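The values are calculated or read from the model by the stated rules, or taken from the named source; none is laboratory data. Keep in mind it's a predicted model, so treat the numbers as computed, not measured. When we count neighbours, we look across all protein chains shown, and the Cβ atoms used for this are built from the backbone with ideal geometry, even at glycine. We work out accessible area using only protein heavy atoms, side chains counted, and drop any ligands, DNA or RNA first. Shrake-Rupley method; radii C 1.70, N 1.55, O 1.52, S 1.80 Å.
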Amino acid sequence: MSPRPEALRAAARADLARLRARYPAQFRTDWPGRARLAALLAVLIGLAAFGYWRLDFSMARILHGLGRLGTFAVLMLPPSPEGQFWTFLHALGETLGIAFLGTLTAAVFAFPVAFLAARNVVPNPFARFAVRRGLDVMRSVDVLIWALIWINVVGLGPFAGALAIACSDFGALGKLFSEAIETCDKRAGEGVVASGGSRLHRIRFGLIPGVLPVLASQVLYFFESNTRSATIIGIVGAGGIGQYLTELIRVLELQQVAFLVLMILVTVAAIDWVSTRLRRAIIGPAAR
C-alpha cells in the first residue's frame, strides 16, 4: 500500500530541516548575488529604453503603418508571374548556383585551414592565433559588404555573388571546422600513433573520419542558409532572383513580388527537406 501524500510531505519537510541544519551555508540567501542580478537587469532595461528613444521608436507609427501593410498584402493577391515564369525560374536557378558554388568554395578552402586553427593539431599558439584572427576578419564582414566589394572588383553578376558568399562563409566554416576538430575523440588518433603512425597519419586516419560527418552536416546547413543570402545580395546587383525582387518592389508590381516570394519559400522548404534527410543519412537517425 502506497504512503499517503500527507506522510510524504511530512517526511520531505523533516528531511529538508535536517539538510538546513547540516548545510546552513547552502540554504542561506545570497543577497549580494541577487543585488548584482537586479542591477544587471536594470542596466539592460535602461539600455533597451535608451535605444528605443534614440532610434525614435514609436508604437503609434507602427499601428499607423499596419493599415498600409494590409493594403500591400491585398495588392499582392493573387500571386502571378504575369508571363515571366521562365525568367523568374532561370533567376532562381542562378540564385541556387550562387549559393552552391559559394558554399562549396568556402568549405574546400576552410577545411585545410581549420586544422591550422585547431589546438590538437597545431600546438604553436602564435601560429594558431594568426590563423584564428584571420578567420575572424573574414567572417566579421557581412556577406552584403563582400558583395559590394566584389561587384567593384569583378563587375555585376552572379560571379560576384558566389565570391561574396565564399569569403563570408570561409571565416565561419573555418571556425566551426576547427572547433569540431578540437572536440574530436582523441582515442582514435592515439591508437594510430600507438600502432606506429606519424602525425600526418593521426590526422588522416584518426581525426578526419571522426569529424567528417559533422563537417558535412555544417556545410549542408550553410548551403540552406546561403540560399536566402544569395537572394539578399542579388538586391545590390550580385545576380539571382534578388535583382528582380528589388526592381519589382520599386515599381510596385506586388503580384509578381508575391510570386517571387512564394518561389523562394517553396525552394527553401525543399532544400530544408533534402538537407535534413542528408544530415540524417550522414550522422545517423538522431540527427535533426
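At a glance:
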{"quantity": "Enumeration of residues in region 236-267 that are in contact with a Gly (Cβ under 9 Å, 6 or more places away or on another chain) and either part of a loop (DSSP other than H, G, I, E, B) or basic (Lys, Arg) (or both)", "calculated": "GLY237, ALA238, GLY239, GLY240"}
{"quantity": "Residue pairs meeting the criteria (Cβ under 9 Å; at least 6 apart or on separate chains; first at positive phi, in region 223-246; second of a type in the set (Phe, Trp, Tyr))", "calculated": "GLY239/PHE159"}
{"quantity": "Verdict on GLY155 being closer than 27 Å to GLY239 by Cα and buried (at least 17 other Cβ atoms within 10 Å of the Cβ)", "calculated": "no"}
{"quantity": "Residues within region 230-270 that are within 21 Å of the chain's Cα centre (by Cα), open to solvent by less than 30 Å² (accessible area, probe 1.4 Å), among the small types (Gly, Ala, Ser) and more than 18 Å from MET76 (Cβ to Cβ), tallied", "calculated": "2"}
{"quantity": "Subset of region 159-175 (residues that are crowded, with 24+ Cβ neighbours inside 10 Å and among the small types (Gly, Ala, Ser))", "calculated": "ALA160, GLY161, ALA162, ALA164, ALA166, SER168, GLY174"}
{"quantity": "Criterion: part of a helix (DSSP H, G or I), of a type in the set (A, V, I, L, M) and at pLDDT below 80 - qualifying residue of ALA281, ALA230, ALA270", "calculated": "ALA281"}
{"quantity": "Helices (runs of 4 or more DSSP H) fully within region 24-95 counting 1 or more residues that are touching a residue at least 60 places away in the same chain (Cβ under 8 Å)", "calculated": "59-75"}
{"quantity": "Residue within region 88-97 that is over 23 Å from TRP146 (Cα atoms), surrounded by fewer than 18 Cβ atoms within 10 Å (Cβ to Cβ) and not basic (Lys, Arg) present", "calculated": "yes"}
{"quantity": "Top-ranked residue of region 117-132 - restricted to ones that are touching a helix residue (DSSP H, G or I) at 6+ places or on another chain (Cβ under 6 Å) and without any contact (Cβ under 8 Å) to a residue 60 or more places away in the chain, ranked as surrounded by the fewest Cβ atoms within 10 Å (Cβ to Cβ)", "calculated": "VAL122"}
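Table: residues versus (1) modelled with pLDDT of 85 or more; (2) farther than 24 Å from LEU212 by Cα.
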residue: MET59; (1), (2): no, yes
residue: LEU63; (1), (2): no, yes
residue: GLY67; (1), (2): no, yes
residue: PHE85; (1), (2): no, yes
residue: THR95; (1), (2): yes, yes
residue: ARG139; (1), (2): no, no
residue: GLY161; (1), (2): yes, yes
